[in-house]
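The values are calculated or read from the model by the stated rules, or taken from the named source; none is laboratory data. Nothing here was measured: the structure is a model prediction, and the numbers come from that model. No Cβ is skipped: glycine too gets one built from the backbone with ideal geometry, and neighbour counts run over all protein chains shown. What goes into the accessible areas is simple: the full protein's heavy atoms, side chains included, and nothing from ligands, DNA or RNA. Shrake-Rupley method; radii C 1.70, N 1.55, O 1.52, S 1.80 Å.
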Amino acid sequence: MEVVRLVDSVLKKVENVRNMIKEDKKAGVDLRIGLESIKCEMAMMSSDVKKIWSKKAEKPEEWIFLLQDLAYDIEDFIERRGRDPQTSAPVRLLHVAMVMDPRPEHIARIEHFKNQISRIQSSRQKDESHPTTQPTSTKKAEGKSGHGPGVAGPSACSGAAGSSSASLTPCEYNKHLGTGKSDILELLLGDDGQQKELKVISILGFSGSGKTTLARAVYKDESVIKRFPHRAFIDVSVFRHAFGILQSILQQVRPGAVPLQTTSSIMVTGYLQEFLGRKRYLVIIDGVELPQDWRDIKAAFPSNEEGSRVVVSTRTQSVAAACSCGSYLYKIRALDRNESEDLFWGKLGPENRRPSLEEELGTLFDKCDGLPEALVQAAEYLSKEGATEKKCEEVGRALGAYIAGDDPAFREMKRSLLQCYDSLHDQCHKACMLSVGMFPRGHRIRRKSLVRRWKAEGLLVGDVYFSEHDVALGCLDKLVDLGVIEPVLLGDNSKVKRYKVYGVMLEFIVHRSVSWNFITLIDHGKVVRSYATGCHPRRLSVHGTGVTQEEIGKIELSRIRSLTICDSNKMDFDKCELLRVLDLEGCTWLEDAHLDTICKLLYLKYLSLRSTRVSKLPRKMKDLHCLETLDARDTRVEMLPMEVLMLPQLVHLFGEFQLPAELGDAKRKDKLANFFSDNSRLQTLAGFKIVKNTGFEQILLHCGTLRKVKIWCKIPPPPPPRRSRIKLASCFKVKEVSTPSLTESFVASLAASFPRLESLSIDFNGICTNFLDSVLTAPSTLSSLKIWGKMESLPTSATLSNLRTHLRELHLSKTGLSSKVLSRLQNLDCLVCLRLTEDRPGPWDDDTFLVEPNKFQSLLQISFHGPKLPRVQIEPGGMRCLISLHLVCPEPEKELGVQGITHLHMLNQVMLHPDASEEKIQAWKEEAVLHKNRPYVKKQLMSSNVHA
């Protein structure tokens, strides 16, 4: 529950305010005393809440809701006070005389907070003397909605582990989970025993996807029993320590033997190694949750050159990767709509299938999102309760509430979802998990935007060793690792650009978020919120059409801190005076007139105007002193006001702007230089257009915090000289500013900023000068470099050596360089991602892209995008760490075009053009079968040339 993180944050801010207040006035003393009292009382209650939640208590008591709401109010009060002007003593006396001194009001407000604390303590005593087993009541939304849940019914609570009565049988699995079993059997048996070394195969899938069913089906297959005389199947959840797992393996592979009289895991490991040393064995380990679980037992499996296999099933990606390193990872896919319906009706009974029920079950199928266990459990529940049209509609609408309830039919699904939530190690991670409930089903969440939102909302806490940004990235990785969010789009550097939350997980998150008053929804015109005593909405997400002022009027907008509007009709937010986050991406109704209201939101930290109809940023945005992120990409905004560029807290600025003319004002040169060098916090400027000299050197030369820059060079080519023009200029003594001087100024400014830049993207509008030789005169810290434009040659070897240490990502587009020339890039030892793009045939036709031994030592992904694939030859030892090979070229030839695939020992996937022929796909699949990793071969579904 957010109350723990929130109260800790408030306690720190209260202490900061106390230290700022001077004791020279009576009012100052009263403020300090009042704040000290509040701090002590809240600290004690926060400690008690932590004890309660350390026991994984599931039903928040009323006093905890009240404490959370009070913490919000105190934090708002402190931030408002922080915006009060710091006035001198004479001015304060004048304020007192004019009854304008805010301190008496502050004292009264603190007294109000102290009274609230007394109320919370009374409520707590009442809860302790009259414990209740009923959860906090929430109001049930009526009618169908796009997001879905009516937040009714009991809150989710930890269910006992056990086998679900709704589990899939092997027969159902074989019919409804595709080729899973045949794929795993192929890995176990398909080589006819030719691959003698030990292989570890990981089965990865979300809880309820059928991992255990698949593993058992494989284990009981007759051909497996015949091939492997020594077998064991282990359910890790039954054991608390590695010793129990190892002892069970030993008992199964050596049936009938006397158990070892020891409690030492080391001794059992040694005995297993000795016993299995010259035997062919199969061990299936089901439900491994932590990498440590695997590390504790893997030494027991000798690589005995007998063709032995170990299969590990897990829901955690890091575990699957650790176990199958150098072997094979099989990821279970979700069922498609037809498979989902067949499985559901097969469990409910085909005789019950009729059009009226199918119509009402559409929402349920959407929310189950192809997860077998959810479909089976819903079918069992409806079979027990009666599959009427009303009941089917209700289960689909309020699936989250049913999963969180106490009905045995959903027990196993609830247990696995709670296990996922509880495995997050602190309240910050849990708050971040709950925050993704702000987005509607099917929404593709932008990775970097989500991180910036978390920071703006204060959900993350850094420390001496890790910044807030580091903590945010770690949190994202953890959520992906657990399957809470799934990557749905990779960028050019193999980093995830978009995420999606699976339907059942989203239902769980939304139910918990709303029940705990973390978020409030207006979903297709229906309000979904918590009605716990004393709760006020703080985060509001509006999606779908049909939103009316009547529904909005039910929410106290003046307390809202975060507002997200997705695919909804026009909404006024002038009353949301405490907003920190305002996400209006894709709101096509948003126009310039609405920005006047936004400019009054003085506490705004994150503002997204992306993909709206805004065409001009007003100068009144200078009042947004707290703004950290402004995203105006894919809008019609062309000119950047000086007032925006000089916002004191601005860190990230996105768009495609022309810089303000004031930057080139000679009279303001020193003032601007002082601001950018001393006061600006700008780290990301992505980006600006260079059309003429508008003072861009002021930013590049003086902004010491700048780390990421994106530039579009729109410099027109110089016109051919004319004699009449030259004569006229000499007569009037006019000195023309030539284009080369502008280019030279740009290169010189870039050279000065290079030592501190970490990411640089430049589009030279077709013509690219060999500027790198001019700017890279010393070792650079640049980690990402993207260049668009024709190049005469690569930089010299000396220049490239200055990039060797830090450069991780390199994109070269439309350079016109041959494959042989581009092969020189293999000397960049630390390069992780390389993307090469051409838009016309020719440059790659004649030469070979040769990868020599021990070159591209760190490369994980290489991508070729163009009309024709170059000849690629990989020698032994070249690109030894490569995981992903992208060959996005539409050529129809069946030939692979790549020699030496077998030398890529870590290869995991091959990505082909969306229009690749079936013959080419099949040729690559045949090649993949011969590779020891059996890499995935698939088409690129959509362009990866997207912005974060």
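Hey, what's the range 781-934 come to in accessible area per residue, 1.4 Å probe, Å²?
Computed with neighbouring chains in place, this is 42 Å² per residue.
Solvent-accessible area per residue for the range 343-492 at a 1.4 Å probe radius, Å²?
35
Ranked by accessible surface with a 1.4 Å probe, highest first, in what order do D678, D296 come?
D678, D296
Of all chymotrypsin sites (Phe, Trp or Tyr not before Pro) in the range 478-558, which ones are in loop regions per DSSP and have a Cβ with at most 14 other Cβ atoms within 10 Å?
Values: sites: Y499, Y502, F508, W516, F518, Y531; in loops: Y502, W516, F518, Y531.
Counting only loop positions with at most 14 other Cβ atoms within 10 Å, the chymotrypsin sites (Phe, Trp or Tyr not before Pro) in the range 478-558 are Y531.
What percentage of the solvent-accessible surface of the range 594-712, computed with a 1.4 Å probe over protein heavy atoms, is contributed by carbon and sulfur atoms?
Roughly 46 percent, rounded to a whole number.
With 21 Å as the limit, write out which pairs from K448/K575; K367/K500; K455/K671; K455/K497; K814/K925 have Cα-Cα distances beyond it, or answer none.
From the list (K448/K575; K367/K500; K455/K671; K455/K497; K814/K925), the Cα-Cα distance tops 21 Å for K448/K575; K455/K671; K814/K925.
Using a cut-off of under 19 Å, list every residue of the range 625-658 whose amide N is near the label point 7 Å from the Cα of D665 along the Cα-to-beta-carbon line.
Inside the label zone: 639-648, 658.
Rounded, prolate or oblate for the range 254-376? Axes are the square roots of the Cα gyration tensor eigenvalues, ordered a ≥ b ≥ c, and the cut-off for rounded is a/c under 1.5.
Verdict is prolate for the range 254-376.
Collect residues whose amide H, placed 1.01 Å from N in the peptide plane, falls under 5 Å from the amide H of V542; neighbours closer than 5 in sequence don't count.
I522, T564, I565, C566
Quick one: if you stick a label point 7 Å off each Cα along the C-beta vector at D847 and K692, how many nm between them?
Here the modelled spin labels are 4.1 nm apart.
For C428, C830, C325, give the ranking by accessible area with the largest first, probe 1.4 Å.
C325, C830, C428
With Kirkwood's inverse mean 1/r over C-alpha pairs for Rh, give me the Rg to Rh ratio of the range 416-470, two decimals please.
My calculation of the ratio gives 0.99.
What is the extension gain from L602 to D477, computed as 0.36 nm multiplied by their sequence separation minus the C-alpha to C-alpha distance, in nm to one decimal?
Once the chain is fully extended between L602 and D477, it gains 41.7 nm.
Please work out how much length the chain gains when fully extended from E551 to H425, using 0.36 nm per residue of separation minus the C-alpha to C-alpha distance, in nm with one decimal.
Taking E551 through H425 to full extension adds about 41.6 nm, to one decimal.
Applying the Karplus parametrisation 6.51 cos²θ - 1.76 cosθ + 1.60 with θ = phi - 60° to the phi angles of the range 296-312, what ³J(HN,Hα) value in whole Hz is obtained for each residue in order, glycine and proline being reported as x?
So the J values, rounded to whole Hz, are 6, 10, 5, 5, 6, 9, x, 8, 9, 6, 10, x, 6, 9, 10, 10, 10.
Just read off the accessible area of R280 with the full protein assembly in place, 1.4 Å probe, to the nearest 10 Å².
That residue has around 70 Å² of solvent-accessible surface.
Under a plain spin-label model, where a point goes 7 Å from the Cα along Cα-to-Cβ, how far apart in nm are N770 and K939?
Going by the 7 Å Cα→Cβ label model, 4.2 nm.
Determine the order of V480, V488 by accessible area, beginning with the largest, at a probe radius of 1.4 Å.
Accessible-area ranking of V480, V488, largest first: V488, V480.
Provide the FRET efficiency to the nearest 0.05 for the D572-E926 pair, computing r from the beta carbons and using R0 = 56 Å.
0.40
If amide hydrogens are placed 1.01 Å from N in the peptide plane, which non-local residues have theirs closer than 5 Å to the one on L650?
Placed amide hydrogens put R681 under 5 Å from L650.
Provide the gained length on full extension for the span I883 to D915, in nm with one decimal, where the gain is 0.36 nm per separating residue minus the Cα-Cα distance.
On the way: separation 32, 0.36 × 32 = 11.52 nm, distance 2.27 nm.
So the extension gain works out to 9.3 nm.
For the range 484-563, what % of the accessible area comes from carbon and sulfur atoms, probe 1.4 Å?
After summing per-atom areas, the C and S share lands at 48 percent.
Going 7 Å from the Cα of E895 in the Cα-to-Cβ direction, what parts of the range 843-858 have a backbone nitrogen less than 15 Å from that spot?
844-849
Kindly report the accessible area of the range 576-681 per residue (heavy atoms of protein chains, probe 1.4 Å, no ligands, DNA or RNA), in Å².
Accessible area per residue: 41 Å².
List, in order, the whole-Hz ³J(HN,Hα) value for each residue of the range 409-419 obtained from phi through the Karplus relation with A = 6.51, B = -1.76, C = 1.60 and θ = phi - 60°; use x for Gly and Pro.
For the range 409-419, the Karplus-derived couplings read 4, 9, 4, 5, 5, 5, 4, 5, 5, 5, 4 Hz, x marking Gly and Pro.
Check R353: other-chain or 5+ apart residues with amide H under 5 Å from its amide H, H built from backbone geometry?
When sequence neighbours closer than 5 places are left aside, there are no close amide H contacts.
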